[in-house]
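Enquirer: Dropping a structure here in structure tokens format, bear with me for questions.
The values are calculated or read from the model by the stated rules, or taken from the named source; none is laboratory data. Quick caveat, the model's predicted, so the values are computed rather than measured. Because the Cβ atoms are built from the backbone with ideal geometry, glycine has one as well, and the counts that use them run over all protein chains shown. Side chains included, ligands, DNA and RNA excluded: accessible areas come from the protein's heavy atoms. Shrake-Rupley method; radii C 1.70, N 1.55, O 1.52, S 1.80 Å.
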Amino acid sequence: MTTVQKLTPKAQAAWDKFRARVAQMGGEVVEPTWRGATVKHQVTCPEGHAGHAIPHLVPRRLRLCQECPLPVSITAWDRFQKRVGEMGGEVLDAEWRGNRQKYSVKCSEGHVNQIWPIGLFEGRDICTWCTGMSPELAWEKFKSSVEQLGGVVLAEAWKGKDAPHACLCSKGHQCAPRPGYLRKGGGLCRTCAGSDPRAAEAAFRARVKELGGEVLEPTWLGNGNPHRVRCSKGHECTPAPSSVQQGNGICRVCTGKEWDVFYVVVDEISDIVKFGITSGDPRARLGIHARNGFDSVVRLLEGLPGDMAPRLERAVLAALRDAREAPVRGREYFPARVLGLVLDLVDGWTASPGSAEEPEQLALDIAA
């Protein structure tokens, strides 16, 4: 005797809706009774495969059976094969595994490549060999580029365009350039380019020692970062290596205590002459002026004793004032026509640096 299941109106409506949806999808509900909206029910798919379905999930699903491909997958597989065929190629794989999986494809020239369907529909080609993008071809181009720069490739295999590859540059330095960087015009050797950390650290330590100082920082922190240093006067300071290599001193306490450099520079485009004083290594100050257009150094007196540099500067200013020459801007920028007067005074003092009063006396003589 068959027992008839008695359901509430709500459960009966869900049961009927579930069976109708399965039938609409081409399947059949095998489960004889309603077991609940969140419980698995035995079903068969249109292909006859036995499986299970959960009633409340069925309206959102596109298939009843995990063995059968989704309709969208069938469409994507057909589109992929058709697109490869249009490009003169052939898909070698037998089944669809998803849009973001690689598939073996043979191009019209017979090259076999592994490609992603999603990349193909984004405009990429089916063959990396024919387009010059294959790893093998990139490897050969990289070795050729290194040889043209006078280097030797030490790496035994291709690691990718963004991976370092061991090499020797033309000067024998060990380096590891990235092929992608080299292809964009980058250099082969960081040591030769001055960007190798070990070479930069060695140069920094040598320069500090040359200036009578001592590097206290135990490790290299980078070319642009402060490093603890003790200067020749015993002051502890923190200069950046890049600043020291540009000609700046190592100690802020000592900088500016002794003005021992006098210079004269000219901006030939604007016809302006500039003179001034600085201390220690003049490269940093001259570099600033060069970037502002004053790139012609016509006089540079270094290592002047005592307060001679400031006195020489005051004497030049006095001579120009007595000659009724006014600065074009600031205090030490004058029209280029005063260059002869400035050089007469500087060269006159340089020729016979006798008494301490000589710069001022020369200024009076020239003005007279």
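Enquirer: All but one of (1) modelled with pLDDT of 80 or more; (2) β-branched (Val, Ile, Thr); (3) assigned to a loop (DSSP other than H, G, I, E, B) hold for Thr131; state the number of the condition that does not hold.
Expert: Just one mismatch for Thr131, condition (1).
Enquirer: In this structure, is Lys159 among the charged types (D, E, K, R) and part of a loop (DSSP other than H, G, I, E, B)?
Expert: yes
Enquirer: Now, a different point. Among what's in the stretch 287-344 and is open to solvent by less than 30 Å² (accessible area, probe 1.4 Å), outside any helix (DSSP H, G or I) and in contact (Cβ under 8 Å) with a residue 60 or more places away in the chain, pick the residue that is nearest to Ser242 (Cα to Cα).
Expert: Phe334
Enquirer: Shifting gears a bit: What residue, among those in the stretch 224-267 that are of a type in the set (A, V, I, L, M) and in a loop (DSSP other than H, G, I, E, B), is modelled with the highest pLDDT? Show your work before the answer.
Expert: We begin by selecting, within the stretch 224-267, every residue of a type in the set (A, V, I, L, M); these are 229, 240, 244, 250, 253, 261, 264-266.
With in a loop (DSSP other than H, G, I, E, B) added as a condition, the list becomes 240, 250, 253.
Numbers: Ala240: 86, Ile250: 82, Val253: 65.
Ranking the qualifying residues of the stretch 224-267, first place goes to Ala240.
Enquirer: How about the stretch 268-286: which of its residues are under 19 Å from Leu317 (Cα atoms) and open to solvent by 30 Å² or more (accessible area, probe 1.4 Å)?
Expert: Matches in the stretch 268-286: Asp271 only.
Enquirer: So, one more: Would you tally the residues in the stretch 106-123 being touching a strand residue (DSSP E or B) at 6+ places or on another chain (Cβ under 9 Å) and at pLDDT below 75?
Expert: Going through the stretch 106-123 one residue at a time, the tally reaches 1.
Enquirer: So, in the stretch 134-156, how many residues would count as being at pLDDT 80 or above and in a loop (DSSP other than H, G, I, E, B)?
Expert: Residues in the stretch 134-156 being at pLDDT 80 or above and in a loop (DSSP other than H, G, I, E, B): 6 in total.
Enquirer: Only one of (1) of a type in the set (Gly, Ala, Ser); (2) open to solvent by 60 Å² or more (accessible area, probe 1.4 Å); (3) over 30 Å from Lys143 (Cα atoms) fails for Gly185. Which number is that?
Expert: (3)
Enquirer: Can you confirm whether the stretch 182-200 contains a residue that is among the aliphatic types (A, V, I, L, M), assigned to a loop (DSSP other than H, G, I, E, B), under 24 Å from the mean Cα position of the chain (by Cα) and more than 23 Å from Ala284 (Cβ to Cβ)?
Expert: Yes, some residue in the stretch 182-200 is among the aliphatic types (A, V, I, L, M), assigned to a loop (DSSP other than H, G, I, E, B), under 24 Å from the mean Cα position of the chain (by Cα) and more than 23 Å from Ala284 (Cβ to Cβ).
Enquirer: So, in the stretch 34-59, exactly how many residues are part of a loop (DSSP other than H, G, I, E, B) and touching a Ser or Thr at 6+ places or on another chain (Cβ under 9 Å)?
Expert: Selection size over the stretch 34-59: 4.
Enquirer: Could you grab me the full set of residues in the stretch 1-25 that are in contact with an Asp or Glu (Cβ under 9 Å, 6 or more places away or on another chain) and either in contact (Cβ under 8 Å) with a residue 12 or more places away in the chain or exposed (fewer than 11 other Cβ atoms within 10 Å of the Cβ) (or both)?
Expert: Val22
Enquirer: Looking at the stretch 126-133, can you tell me whether even one residue there is closer than 30 Å to Gln101 by Cα and loosely packed, with under 14 Cβ neighbours inside 10 Å?
Expert: Taking the stretch 126-133 first, the residues closer than 30 Å to Gln101 by Cα are 126-133.
Narrowing further to those that are loosely packed, with under 14 Cβ neighbours inside 10 Å: 131-132.
Yes, the conditions are met somewhere in the stretch 126-133.
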